[in-house]
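Undergrad: The structure's right below; bear with me while I get my questions together.
The values are calculated or read from the model by the stated rules, or taken from the named source; none is laboratory data. Note that this is a predicted model, so its numbers are computed, not measured. Backbone-built Cβ (ideal geometry, glycine too); neighbour counts: all protein chains shown.
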Amino acid sequence: MLRENLIKTLKRHEGLRLKVYRCPTGKLTVGYGRNLEDRGITQDEADYLLVNDIRCVEDALVKELPYWDKLPATVQDVLINMGFHMGVPGLLKFRKTLGYIEEGNWIEASREMLNSRWAKQTPGRARELAEIIRKT
């Protein structure tokens with residue numbers, strides 16, 4: 001069991017930084033002095049971050065898309081995937097795609113997804129996600 005006093009002292013000495021920074025020795029660091037270059041993160045930490053990031057993207061999409069709750073779960077998953085990959089602001093630029101999704105026009109939505117710079121940059125991912133939308 002970790003001692004509370006030790007944790008309190010380390011937090012005070014290290015300080016908390018929620019964005020990556022370089023420590024005095026030049027190593028990429030985050031949090032309370034986590035050396036990302038030498039130590040990295042564990043699988044459990046990566047999984048925790050992934051789930052947390054998915055929740056953040058979904059929360060943003062719930063706020064941005066008034067029709068969110070009416071969408072099938074598979075479509076929500078595709079939009080979360082896209083928002084995770086390019087950021088929610090980037091996803092919101094897909095106005096035609098989102099318009100077709102709101103209408104339930106899955107075929108046109110999938111075509112619009114593939115008619116984008118994003119699809120050219122990540123063709124495998126784009127084809128897979130567009131196919132899910134098309135089959136909805």
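Undergrad: List the number of the failed condition for Val30; all other conditions in (1) surrounded by fewer than 14 Cβ atoms within 10 Å (Cβ to Cβ); (2) of a type outside the set (Ser, Thr, Tyr); (3) part of a strand (DSSP E or B) hold.
TA: (1)
Undergrad: Which number in (1) in a helix (DSSP H, G or I); (2) in contact with a helix residue (DSSP H, G or I) (Cβ under 7 Å, 6 or more places away or on another chain) marks the one condition that Thr136 misses?
TA: Evaluating Thr136 over (1) in a helix (DSSP H, G or I); (2) in contact with a helix residue (DSSP H, G or I) (Cβ under 7 Å, 6 or more places away or on another chain) leaves (1) as the failure.
Undergrad: Separate question: Could you check region 16-63 and list, in sequence order, the residues that are over 25 Å from Lys93 (Cβ atoms) and touching a residue at least 12 places away in the same chain (Cβ under 8 Å)?
TA: Hits for region 16-63 are Leu16, Arg17, Leu18, Val20, Cys23, Thr29, Val30, Gly31, Tyr32, Gly33, Asn35, Leu36.
Undergrad: Would you point out which residue out of Leu6, Leu65 is modelled with pLDDT of 95 or more and not basic (Lys, Arg)?
TA: So the residue among Leu6, Leu65 that is modelled with pLDDT of 95 or more and not basic (Lys, Arg) is Leu65.
Undergrad: Let me ask another. Which numbered condition trips up Ile54, out of (1) closer than 21 Å to Trp118 by Cβ; (2) out of contact with any Phe, Trp or Tyr (no Cβ under 7 Å at 6 or more places or on another chain); (3) of a type in the set (Val, Ile, Thr)?
TA: Condition (2) is where Ile54 drops out.
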